[in-house]
Amino acid sequence: MSHNLKREESAILELVSQDQCRPLSAEKTKELLGPPLDWGLFLDIACRQYVLPLVARNIMASGVIGGVGALGIVPPSHEILLEHAYAANRRRNDTLRAELEVIATAMERNGITVLLRKGLALTTDLYRDHGARVMSDIDFLVRRREGRRAIQALEELGYATGVPDEHGRSVVPWSPQGTKMMLMTVPNLPPMVRLMGIPECTSVNVGLTTGFFERNAGYLIDTEEFYSRSRRIVIGSVEMATTDDADTLIDLCAHFFKDAKSHFAIEYGKDLTLLKAVDIRLALQRVLQHCEVSEFSERVEKAKVEAPIWFTLTFIDAIFPGSIPSDLLTRWEPGDKMFIHTYGDNERQPAIWEDTDLVSRLFDRNRSSRKTGKSQFWGLTERTT
Amino acid sequence: MTDLRAKIVAIIEEHWKRAGDAPLLAIGDDDNLFELGIDSMTMVQVVTSIEEWIGSTIDFLDVDPEQFFTIRGILEYVSKESPV
């Protein structure tokens with residue numbers, strides 16, 4: 001798979017690959033960001049890939065902003081923008097952390113056990129800097145039988161089922177038809193939202209999922225297993241349950257696969273993002289550090305989810321070459337590898353990407369318009385029906 | 001029970017035909033309807049017709065789709081929740 005990356009794309013890939021403990025040297029950063037870098041394009045790509053705060057943090061950590069040695073590398077106007085992008089994201093995530101405490105307390109009071117997923121858990125465990133990772137919502141795994149009570153607990157806190165309007169001033173409810181379709185076909189409960197009225201966090205969305213894989217996809221993974229292996233995590237003043245490291249990796253891979261294949265996610269522009277790739281890379285590093293690869297492999301094979309996991313790991317290895325142990329890739333390599341280029345299979349609208357270059361596909365801003373077919377999930381809110 | 005089953009199959013086939021797909025072959029009692037290839041929109045229409053038939057709404061916060069979307073699952077629900 002060959003690809004010709006733009007200079008801006010290469011710089012971003014290099015910057016998001018950095019360990020917080022080992023920032024890039026100022027010399028290397030200067031090499032990445034020096035002329036003829038197109039700063040407008042650089043920032044646009046970082047935003048579209050949901051990694052601007054991480055990029056900003058890593059540029060700042062390399063010491064090229066605010067010091068004498070920094071002069072000339074980052075234009076002064078962009079220095080301010082980078083600093084503000086990181087600081088604003090940190091403030092937003094502070095709000096989400098505070099909200100997590102409120103939700104966790106309410107769930108506990110109502111006797112509902114939820115497992116924290118994705119953003120807030122990853123930020124704490126993997127990024128170790130709560131300003132570095134963009135978070136769009138607070139995600140939980142919940143037992144389906146406790147779903148109704150979880151929704152009621154959130155409603156008591158002022159949450160409503162729906163999506164914020166474009167101004168963030170009201171919640172557009174989901175249509176009964178849309179709610180029914182979601183509950184019938186995907187392992188998610190309707191997303192809930194609370195308007196906050198704070199500039200950096202106009203609303204908080206809570207995602208409740210009852211399983212990691214599409215319903216009826218033929219995978220044999222029981223939500224109860226995730227509960228039995230869960231561990232405790234401390235976030236600020238909150239201690240709550242989350243998935244263990246190997247299950248976190250399975251969750252992230254499943255999520256990547258599901259979105260990459262979904263008409264809805266492609267149309268929404270959230271199918272392939274560098275943020276998800278960074279999450280998976282970091283989660284895998286943690287599994288490798290804790291010598292849990294065999295545990296991860298056993299669970300993947302027991303649940304018969306080799307295909308989606310291979311799909312995801314192949315993508316990650318294309319984006320970050322050499323990041324995936326080769327035995328993991330060869331172990332689950334399917335006979336027919338064409339499905340890495342297809343989408344919409346589960347929506348009965350199968351289609352094939354014309355490109356074969358995974359990294360180019362990731363960075364292609366026109367990906368959505370190149371797609372054929374249409375999601376059945378549009379028109380689910382009252383406003384659009 | 002045979003009549004109920006026939007009615008359920010008739011509803012499914014009616015919506016399946018409307019969706020313009022090839023005729024369904026015989027549906028087994030435990031065949032998952034999604035796995036037979038019925039898409040989400042058609043399935044919503046099937047559920048709406050069943051609701052109209054039994055005169056009550058099926059709340060999927062209380063009903064597990066994994067259990068529901070077979071002929072047997074629908075039959076059990078219809079017989080238990082809303083005898084018609």
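The values are calculated or read from the model by the stated rules, or taken from the named source; none is laboratory data. No experiment lies behind these values; they were computed from the predicted model shown. Here the Cβ is made from the backbone with ideal geometry for all residues, glycine too, and neighbour counts use every protein chain on show.
Quick check: anything in the range A:183-202 polar (S, T, N, Q), under 23 Å from A:Ala98 (Cβ atoms) and in contact (Cβ under 8 Å) with a residue 24 or more places away in the chain?
Taking the range A:183-202 as the starting set, the residues that turn out to be polar (S, T, N, Q) are A:185, A:188, A:202.
Subsequent filtering for residues that are under 23 Å from A:Ala98 (Cβ atoms) retains A:202.
Now narrow it down to the ones that are in contact (Cβ under 8 Å) with a residue 24 or more places away in the chain: A:202.
Checking the range A:183-202: at least one residue is polar (S, T, N, Q), under 23 Å from A:Ala98 (Cβ atoms) and in contact (Cβ under 8 Å) with a residue 24 or more places away in the chain.
In the set (1) buried (at least 22 other Cβ atoms within 10 Å of the Cβ); (2) under 19 Å from the mean Cα position of the chain (by Cα); (3) aliphatic (A, V, I, L, M), A:Ile103 fails one condition alone, (2). Here A:Cys253 passes the criteria (1) within 14 Å of chain B (Cβ to nearest Cβ); (2) under 20 Å from A:Phe311 (Cα atoms) except the one numbered (1). Do the conditions hold for A:Thr385, that is, is it at pLDDT below 90, away from every other protein chain (no Cβ under 14 Å) and farther than 16 Å from A:Phe257 by Cα? No, not satisfied.
Residues in the range B:24-75 that are more than 10 Å from every other protein chain (Cβ to nearest Cβ), part of a helix (DSSP H, G or I), charged (D, E, K, R) and in contact with a Ser or Thr (Cβ under 9 Å, 6 or more places away or on another chain): none.
Of the residues making up the range A:309-365, those that are assigned to a loop (DSSP other than H, G, I, E, B) and without any contact (Cβ under 8 Å) to a residue 24 or more places away in the chain are A:Pro321, A:Gly322, A:Glu333, A:Gly335, A:Asp336, A:Arg348, A:Pro350, A:Trp353, A:Glu354, A:Asp355, A:Asp364.
For the range A:65-90, which positions are free of Cβ contacts under 8 Å to residues at least 40 places away in the same chain, surrounded by 14 or more Cβ atoms within 10 Å (Cβ to Cβ) and among the small types (Gly, Ala, Ser)? Once the filter is applied, which keeps residues that are free of Cβ contacts under 8 Å to residues at least 40 places away in the same chain, surrounded by 14 or more Cβ atoms within 10 Å (Cβ to Cβ) and among the small types (Gly, Ala, Ser), the range A:65-90 yields only A:Ala85.
Part of a loop (DSSP other than H, G, I, E, B) and buried (at least 16 other Cβ atoms within 10 Å of the Cβ): is that true of A:Asp271 in this structure? Quick ask: steps written out before the conclusion?
On the way: part of a loop (DSSP other than H, G, I, E, B): yes; buried (at least 16 other Cβ atoms within 10 Å of the Cβ): yes.
When the stated conditions are applied, A:Asp271 passes them.
For the range A:218-236, residues that are over 15 Å from A:Asp251 (Cβ atoms) and modelled with pLDDT under 90 total 3. Restricting the search to the range A:126-159, which residues are outside any loop (DSSP other than H, G, I, E, B) and either surrounded by fewer than 19 Cβ atoms within 10 Å (Cβ to Cβ) or among the β-branched types (Val, Ile, Thr) (or both)? Of everything in the range A:126-159, those that are outside any loop (DSSP other than H, G, I, E, B) and either surrounded by fewer than 19 Cβ atoms within 10 Å (Cβ to Cβ) or among the β-branched types (Val, Ile, Thr) (or both) turn out to be A:Asp137, A:Ile138, A:Val142, A:Arg145, A:Glu146, A:Arg148, A:Arg149, A:Ile151, A:Gln152, A:Glu155, A:Glu156. In this structure, A:Asp165 does satisfy being touching a residue at least 12 places away in the same chain (Cβ under 8 Å), farther than 21 Å from A:Leu116 by Cα and away from every other protein chain (no Cβ under 14 Å).
Taken as a whole, the range A:192-211 holds no residue that is out of contact with any Ser or Thr (no Cβ under 9 Å at 6 or more places or on another chain), at pLDDT below 90 and under 22 Å from A:His263 (Cα atoms). Listed by first and then second residue, the pairs with beta-carbon distance under 6 Å, at least 6 apart or on different chains, first residue in the range A:91-115 and over 16 Å from A:Arg148 (Cβ atoms), second in a helix (DSSP H, G or I), are A:Leu100/A:Leu120.
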